[in-house]
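Student: Dropping the structure in here first, questions after.
Laboratory data are not the source of any read-out in this text; all were calculated from the coordinates shown. Because the structure is predicted, anything quoted here is derived from the model rather than measured. Neighbour counts run over all protein chains shown; Cβ positions are idealised from the backbone, glycine included.
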Amino acid sequence: MQYDEDDDEITPDLWQEACWIVISSYFDEKGLVRQQLDSFDEFIQMSVQRIVEDAPPIDLQAEAQHASGEVEEPPRYLLKFEQIYLSKPTHWERDGAPSPMMPNEARLRNLTYSAPLYVDITKTVIKEGEEQLQTQHQKTFIGKIPIMLRSTYCLLNGLTDRDLCELNECPLDPGGYFIINGSEKVLIAQEKMATNTVYVFAKKDSKYAYTGECRSCLENSSRPTSTIWVSMLARGGQGAKKSAIGQRIVATLPYIKQEVPIIIVFRALGFVSDRDILEHIIYDFEDPEMMEMVKPSLDEAFVIQEQNVALNFIGSRGAKPGVTKEKRIKYAKEVLQKEMLPHVGVSDFCETKKAYFLGYMVHRLLLAALGRRELDDRDHYGNKRLDLAGPLLAFLFRGMFKNLLKEVRIYAQKFIDRGKDFNLELAIKTRIISDGLKYSLATGNWGDQKKAHQARAGVSQ
């Protein structure tokens, strides 16, 4: 195909042809299940270690013994889980001898193609008046993780076609699935709304004309998403004709029962003067339409001019009634710091960042109300995100690991209360992680087995 320099016009047919050339070369290079494999590798290499490190150390201490007058402080035990190791897929025979497990063997013998996971545990004993005693438990077995075929940790990774044929595997099989009790299971990608982005929707027949929302969630954290809404009240009550000029703007914050005027939220974040607040919302002061839109909100919050008064206003709508003013202010501060827009930051001194983000939300709301920007579409594929194997397994593993730590604590506490030391290897119930992951992959109920009715169904098939 010859292209001339001058001939800028490419016919639609040529475009179509060119697109398909690019698409097929993409699949030639990546294969059909690259997204599954990369996602699983990221889970093993990053997520598992992160989940283990994020767990707080187990802190154990017996009740103080009152013997012969003086109280003797019992020793404290600290358990910290550190570096993890994943072995190759292994199967233990009846006689206890480990052997490498090939995927085809797992299929034929109805086994689970999984690899053992080991972790280093540091046990610290702190006795009063003595030096700390640290013992390292290297590579303690904590459970088995099912391995996705053809991923980095699979035994078939990097083999030639001839090697694969010798192992009774088809060279054309792309992998990307698990083998659970001999049957092949695939994880279906789960669609959800994208987090940490602002959407503006028009509301029909509600007290709001427009609503902007942001589902905010911390990257790689187990905390549930916290949503903040910024809404513009509709004019003239329900059903009446709603014009957008001169409406109050209110925010709905997490854990606060009533809506809060938006300007009060800015004042609670420490931006007191009207000009400071407007600088965060309206980026061009030469824009009379927009200034006019914000005016009702400024008038509404005129009575509250200080940060503490604004915090008290928010706190009194969230905290339990009959709490002191200091407590209310502290409560409001914590909600603003930890629950409002956590992805912007949950540490101290994130107020400026949050004010800019909140201002951006209000700005988007005003643009939509003035008709300068189109409303967002919930069903647009660009506003969706897909949870692949990695995030799905990380969600499961986080729950299982939490349960494992709970069981270790209960087991060890029994021994410590009797004044004995405990055996770490016996305290760890390896079945929790192994069976938990196996159950979810086998049945498709994504979540804890005990709470099966809450779990998502049909994730694995």
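Student: Filter segment 341-357 down to the residues that are closer than 18 Å to VAL200 by Cα and out of contact with any His (no Cβ under 7 Å at 6 or more places or on another chain) and list them by number.
Tutor: Once the filter is applied, which keeps residues that are closer than 18 Å to VAL200 by Cα and out of contact with any His (no Cβ under 7 Å at 6 or more places or on another chain), segment 341-357 yields LEU341, PHE357.
Student: Using the structure shown, decide if ASP435 is surrounded by fewer than 19 Cβ atoms within 10 Å (Cβ to Cβ), more than 21 Å from the chain's Cα centre (by Cα) and part of a helix (DSSP H, G or I).
Tutor: yes
Student: Among the listed residues GLU292, GLU334, GLU374, GLU326, identify the single one that is in a loop (DSSP other than H, G, I, E, B) and either out of contact with any Phe, Trp or Tyr (no Cβ under 8 Å at 6 or more places or on another chain) or of a type outside the set (S, T, N, Q) (or both).
Tutor: From the options GLU292, GLU334, GLU374, GLU326, the qualifying one is GLU374.
Student: Those residues that are over 20 Å from the mean Cα position of the chain (by Cα) and not hydroxyl-bearing (Ser, Thr, Tyr), I need them from segment 184-210; list them, please.
Tutor: GLU184, LYS185, VAL186, VAL200, PHE201, ALA202, LYS203, LYS204, ASP205, LYS207, ALA209
Student: Moving to a separate point now. Let me confirm something: among GLN305, GLN337, which residue is out of contact with any strand residue (DSSP E or B) (no Cβ under 6 Å at 6 or more places or on another chain), among the polar types (S, T, N, Q) and surrounded by 15 or more Cβ atoms within 10 Å (Cβ to Cβ)?
Tutor: Just a single option satisfies the conditions, and that option is GLN337.
Student: Assess whether ILE142 counts as being in contact with a Ser or Thr (Cβ under 9 Å, 6 or more places away or on another chain), buried (at least 16 other Cβ atoms within 10 Å of the Cβ) and farther than 20 Å from ALA442 by Cα.
Tutor: yes
Student: Restricting to segment 153-177, name every residue that is among the polar types (S, T, N, Q) and loosely packed, with under 12 Cβ neighbours inside 10 Å.
Tutor: Correct list: THR160 only.
Student: Which strands (runs of 3 or more DSSP E) sit wholly inside segment 43-125 and have at least 1 residues that are in contact (Cβ under 8 Å) with a residue 40 or more places away in the chain and surrounded by 18 or more Cβ atoms within 10 Å (Cβ to Cβ)?
Tutor: In segment 43-125, the matching strands (runs of 3 or more DSSP E) lie at 58-61, 76-86.
Student: Please work out which one of (1) touching a strand residue (DSSP E or B) at 6+ places or on another chain (Cβ under 7 Å); (2) free of Cβ contacts under 8 Å to residues at least 60 places away in the same chain; (3) part of a loop (DSSP other than H, G, I, E, B) is the condition GLU213 fails and give its number.
Tutor: So GLU213 meets the others, but not (3).
Student: A further question follows. Which one of these does GLU213 not meet: (1) surrounded by 15 or more Cβ atoms within 10 Å (Cβ to Cβ); (2) over 31 Å from the mean Cα position of the chain (by Cα); (3) within 30 Å of LYS354 (Cβ to Cβ)?
Tutor: GLU213 satisfies all of (1) surrounded by 15 or more Cβ atoms within 10 Å (Cβ to Cβ); (2) over 31 Å from the mean Cα position of the chain (by Cα); (3) within 30 Å of LYS354 (Cβ to Cβ) except (2).
Student: Right, another one. Here is a list of conditions, (1) surrounded by 12 or more Cβ atoms within 10 Å (Cβ to Cβ); (2) at negative phi; (3) over 19 Å from the mean Cα position of the chain (by Cα), and GLY444 meets all of them except one; can you say which number that is?
Tutor: The single condition GLY444 does not satisfy is (2).
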